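Throughout, read-outs are computed from the coordinates displayed, never taken from laboratory work. All values reported here derive from a predicted model rather than from experimental measurement. Cβ: placed from backbone, ideal geometry, glycine included. Neighbour counts: every protein chain shown.
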Protein chains: 6
Amino acid sequence: MTDSSTSSSAHQRQGRAFDALRPVRITRHYTAYAEGSVLVEFGQTRVLCTASVEEKVPPHKRGSGQGWVTAEYGMLPRATHTRGDREAARGKQSGRTQEIQRLIGRSLRAVFDLGALGERTIHLDCDVIQADGGTRTASITGAYVAAHDAVSWLLAQQRVAASPILGTVAAISVGIVDGVPLLDLDYGEDSACDTDMNVVMTGAGHFVEVQGTAEGAAFSRAEMDRLLQLAEKGIGELIALQQKSLSK
Amino acid sequence: MTDSSTSSSAHQRQGRAFDALRPVRITRHYTAYAEGSVLVEFGQTRVLCTASVEEKVPPHKRGSGQGWVTAEYGMLPRATHTRGDREAARGKQSGRTQEIQRLIGRSLRAVFDLGALGERTIHLDCDVIQADGGTRTASITGAYVAAHDAVSWLLAQQRVAASPILGTVAAISVGIVDGVPLLDLDYGEDSACDTDMNVVMTGAGHFVEVQGTAEGAAFSRAEMDRLLQLAEKGIGELIALQQKSLSK
Amino acid sequence: MTDSSTSSSAHQRQGRAFDALRPVRITRHYTAYAEGSVLVEFGQTRVLCTASVEEKVPPHKRGSGQGWVTAEYGMLPRATHTRGDREAARGKQSGRTQEIQRLIGRSLRAVFDLGALGERTIHLDCDVIQADGGTRTASITGAYVAAHDAVSWLLAQQRVAASPILGTVAAISVGIVDGVPLLDLDYGEDSACDTDMNVVMTGAGHFVEVQGTAEGAAFSRAEMDRLLQLAEKGIGELIALQQKSLSK
Amino acid sequence: MTDSSTSSSAHQRQGRAFDALRPVRITRHYTAYAEGSVLVEFGQTRVLCTASVEEKVPPHKRGSGQGWVTAEYGMLPRATHTRGDREAARGKQSGRTQEIQRLIGRSLRAVFDLGALGERTIHLDCDVIQADGGTRTASITGAYVAAHDAVSWLLAQQRVAASPILGTVAAISVGIVDGVPLLDLDYGEDSACDTDMNVVMTGAGHFVEVQGTAEGAAFSRAEMDRLLQLAEKGIGELIALQQKSLSK
Amino acid sequence: MTDSSTSSSAHQRQGRAFDALRPVRITRHYTAYAEGSVLVEFGQTRVLCTASVEEKVPPHKRGSGQGWVTAEYGMLPRATHTRGDREAARGKQSGRTQEIQRLIGRSLRAVFDLGALGERTIHLDCDVIQADGGTRTASITGAYVAAHDAVSWLLAQQRVAASPILGTVAAISVGIVDGVPLLDLDYGEDSACDTDMNVVMTGAGHFVEVQGTAEGAAFSRAEMDRLLQLAEKGIGELIALQQKSLSK
Amino acid sequence: MTDSSTSSSAHQRQGRAFDALRPVRITRHYTAYAEGSVLVEFGQTRVLCTASVEEKVPPHKRGSGQGWVTAEYGMLPRATHTRGDREAARGKQSGRTQEIQRLIGRSLRAVFDLGALGERTIHLDCDVIQADGGTRTASITGAYVAAHDAVSWLLAQQRVAASPILGTVAAISVGIVDGVPLLDLDYGEDSACDTDMNVVMTGAGHFVEVQGTAEGAAFSRAEMDRLLQLAEKGIGELIALQQKSLSK
């Protein structure tokens, strides 16, 4: 059942500043069997990210001496306000799902030395338990931590001599709602925004992906600049949270 | 990675008696949007069961004045020791998945008065977060609680005048391992057992489903009787736990 | 066109006793090319069961030294009173079809020594020409005879040194209609029954599968006992018919 | 298992003249529920053709006042010497299957007045029980008889005032093997032939379909003329057999 | 949008004689990357035919020393008067598409010595840019020229010692409209015709395929003879045009 | 066959300046039946863009009074250096294809007043005849012109009172190759680049989409600024070319 009471975006922020993240929680070892298993929460959004090591690579990497890092994304049917179709029952993944899982995979590969990984694959599965906006950026942020745990496992098992991870990576959404640039949109804000931008950055402050879309009015260069600044601030905070979580 | 250290079934029971359930936890309101949302845990097995109300029915019930109760089942790719294929990516549900979701649906319909429900559907989604044996029986046990919460929501909304639920229902697995009948098999026991039986019963002590399979040697009538007794005991305890959870 | 004249179950039994099988006919060598080819008839139900030998095994058995026995099930579109969709045209097998073919495969494997079979597969195809209830149990009963003929062919060809068949297997449905336990339900009885149970047993009198479902009211332990007794009687008779057919 | 002993085409004819049909048998009322149900046999080729009446039409005929006649074709997995994949399990019909069922549908529609049929559909299901060449032409020949029985049923039920059947239709294959034009090829001849032609004709001696294919060497106009003459002879005989069968 | 102004077939012929082809243009090297790339136009019908060489063969030819020639056919969604579904989006090729691509493949293989080609595949892709009738016959006619260019490339690369092409092949449609036999039907004529025949012939004047279909009334032997004569005339002209194009 | 001679990016530019477009050609009325039909060429890249008007809308717009603009994208199998699989034959569109067609659709909707369009759909089909980099940006640029022609047709037919087009839209790719920012990458440059960015802008100089991806090293804010400047320059030129083409 969709909650029909629509609240103003001001209300939804519930006092949160325009440049503030929602409360972010990163829980490692959330499930028992995966080499890496992280529950990441951005406010009401909850995504389970697991990293699984497989000792083989897809055909295009066979014999190359290089490994592969890939991602799959899914949403439980009732993660959302209204129940959505189960993709397994419908028999195919939506274009949106494929777009997101390709994005997660590219983002993680950006911080991996595939040669140092060796001919094995790390599968990142990002499954949305509850969706309140920003599921793809939460997925990337959590998948990094899960991948890091899987690499620690590989090191502990002495399957790799040195970590193939070259740096950190995290992601956040930003957008313009009623003319106001906002960091970390929840579902209500995302539905109301004119411009929606997903930004993926490294710990070194460089861009891995920038995907900006004018949902309503096209956006100016000045607006873009302000959104990128907000994203840079948010990603800095996320990377600190990732490091803190991994240091435990 | 499959854990290659195989332990004896004695070890896996870890002191648990042959007729003891694993620790069972039922957590209601596990997610925020569904009309019913229950995390059910049987030891290491964890299943999220949501109940979603939809104000329409499938074609075979249209115009009948009756409602419908149906279930879907899925397993997250890394719920298991070794990562399994994502069914949405493969483009179809396995025979096993379909068999299980049909079983869950039939079991829940056994305690519903579809006429009293009215022309609406309750969708039960059972998604396995972690699998250590008994996922289908945990799903039925949890789905009952989620369905009950959805019915409470319907009553609170005054969409139904009286509850269409006719009784309680729960399920458990039993089996014979190394000649010993055991209640509530975990994954290791399930893999080693000669006979595996899933039993679904009502609170009134009647059978809704009995599915016994000889994985190894065929089983005698006497063995079957002992298994049914064990199941009856376990289901009695599960129904008490459901009631306790719902009374909170 | 569904025949709209509904007859009472008493009429449909046409004098048949509550514990009597319908007339059962087993015709070997029904088609010319398969290693085993059996038309099995339980009253108006007619199923063609063929056994095909293939000199390779599925991936999970390769290099194991063991063989495999597997089954597929189908229903001709107009085997039934009303024409059903052709599964090949619809592009997928129903959950019911998959459930049945998995049951047939498990039942037959219960009487096979896969090691003695060697690395080859016996495919059992059960295609329903006409359906009047009990198609899955007729399939198992007929598939056993077809598999036996295929094994005789393997012996004659000296591909196996000794028969990998460990015993006989047959199956029957039982159910409770209007409070009366009945053996071998036809379609009208099956549609009207409260409880429906499919039982698979060996010639030694042990259970391979028991699948009981409460279609209407849940069933008591006492009812279950009476149904199992009926099934035991019927399966004994079926096994005698299989032996007689194979002795010709 | 394919029979590896290859026999010369002379041997395979087993004394049959170059312009002789194999023994043709047409058995009406082969199954009990369909409005028309015919087992047609051309030598070892056996096809079950059922005609099912449905009181609605596909979208392109809705509201037109016209009916529709359509066909589906399938082959049981072990109808052939070597077991073929089950199309329902593979999830799609082959190009060959679709080509054949389109041909059967067009051929039958050629003798139907769709306006006189009224807004209903006759589904013709042609399922090959055993395949020894000529399955598509046997299907057309048998489907005509099944369709005729379904029309008789419609007349008896007073759903149509007059028969919508405008004439008879039958089909046969012809081909050139080792330079010799032959009527009604069996599987061995079909595999060995240079030219293969399927011909569908009406009782009035006109062509509905001619599909000639050079499997080996291209064929001359003179060869084509001889093949058409053979087909004309064979179809004349088939139409007489159809009439004889329908007169019983 | 379908042009609703229907013109008489006389008008559509626009002065073209009953036995005249539409203006035919064959443009080689239409795209840059394929080994053969031909735009073929029959009046308003335009098909792009590419030939691609691949240094491997499908499973049924592996290790045989023989090559393979195969075709795929597609129609751009708006090649036609009214937009059709995109087959890639719908997830399957229609029966018509499969029938056509099988026809193109067989026709081209009729003039290839697969042994002389060696273990490699020539893929012929026929994509209809604009459809005004006769797309399958234009495809065959153009694919021959593209295949010839691919063979010239193989010869120039010294991958084959001698051309595996045994002769020329071309195709045309003929039909009877309002009782008049016509050569090379455009879309309007094709929609109005009683009989439609596609004929594929070699340069030596022999038939590779003859596919005649009575869309309305069945056709007589005399009518068939007149259609074959027309086809023979048209194909002779097409083969001359192919040769002229290849001689440039 | 992929051309194995790799040329330096300097050579591939063939004297083209870092901030120069390839020769762009826009050919209107390329095919005859679509309401808009445009062949757009960016150097060797050629895409056929058709716009088809359909007098109905998808379910989510029914009864809304609003229209819809949507796009589909495809690539002919041999548009590329090496033949790719045909998506219709494989039975599904790749993630890349879906991502591109969603981008084209969003970009065009950004300049449409869906209310002024009325309850009808404009389908934009972008089919790549030859691919040498930049196919998605060429598609958007060409689709705008095709959509404009379709709107002119609607105006001429008096189906809409005023144009629903709010402004112009075009797209270009930019990237960094060997440290040098380049406008309008061809295939060789695209394969070699570290950063690849697709930019969609309106004639008013605002952004509709910005999609930047680090293929190799992550990119700095300064690099992003230089790429956006290049894109702005290129899109200004493309919009002038669109206007010039439409003014003919």
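Points worth noting:
- Two-site label geometry, F:SER191 and D:HIS29: point separation in nm, points 7 Å out along Cα→Cβ: 7.2 nm
- Bridging of B:LYS244 to aspartates and glutamates at a Cα separation below 19 Å is possible for B:GLU41, B:ASP149, B:GLU232, once same-chain residues fewer than 8 apart are set aside.
- For region C:48-94, the ratio of Cα radius of gyration to the globular rule of thumb 2.2 N^0.38 Å stands at 1.64.
- FRET efficiency, 1/(1 + (r/R0)^6) with R0 60 Å, evaluated for C:SER220 and F:GLU232 via beta carbons: 0.15
- The base-10 log of I(q)/I(0) for region D:146-241, evaluated at q = 0.10, 0.16, 0.19, 0.23 Å⁻¹, reads -0.35, -0.68, -0.84, -1.08 [Debye formula, identical scatterers on Cα atoms, solvent excluded].
- The equivalent ellipsoid of the protein assembly as shown has semi-axes of 50, 50, 31 Å, largest first, where each one is the square root of 5 times an eigenvalue of the Cα gyration tensor.
- When the convex hull of its Cα atoms is viewed from all sides, region B:170-209 shows a mean projected area of 2.8 nm².
- In chain D the Cα-Cα distances spread across 5 Å bins starting at 0 as 1, 6, 14, 18, 19, 16, 12, 8, 4, 2, 1, 0 percent of all pairs.
- Of the cross-linked pairs F:LYS61/F:LYS92; A:LYS56/D:LYS92; D:LYS61/F:LYS56, those separated by over 24 Å at the C-alpha level are F:LYS61/F:LYS92; A:LYS56/D:LYS92.
- Its relative contact order, with pairs defined as Cα atoms under 8 Å and 6+ residues apart, puts chain F at 21 percent.
- Within the protein assembly as shown, helix-based [θ] at 222 nm, where runs of 4 or more DSSP H residues each add -39,500 (n - 2.57), nearest 500: -10500 deg cm²/dmol
- For region F:100-181, the alpha-carbon coordinates run over 53, 24, 19 Å along the three principal axes, in decreasing order.
- Whole-angstrom gap from region E:155-209 to region F:149-226, using each part's C-alpha centre: 45 Å
- Sequence-separation-based contact order of region E:1-124, relative, with Cα cut under 8 Å and 6+ spacing, percent: 28 percent
- Close amide H pairs (under 5 Å, H built 1.01 Å from N) link E:GLU35 with E:ALA51, E:VAL53, residues at least 5 positions away or on another chain.
- Footprinting exposure proxy for C:ASP196, F:ASP113 (fewest neighbouring C-beta atoms within 10 Å first): F:ASP113, C:ASP196
- C-alpha long axis of helix C:135-156 to longest principal axis of chain C, angle in °: 20 degrees
- Teacher prompt: E:GLY167 distances to equivalent labels in other copies, 7 Å Cα→Cβ, nm: 3.4, 6.5, 6.8, 6.8, 8.0
- Diffusion constant of region D:1-130 at 20 °C, which comes from Stokes-Einstein with the Kirkwood Cα-pair radius and 1.002 mPa s, µm²/s: 125 µm²/s
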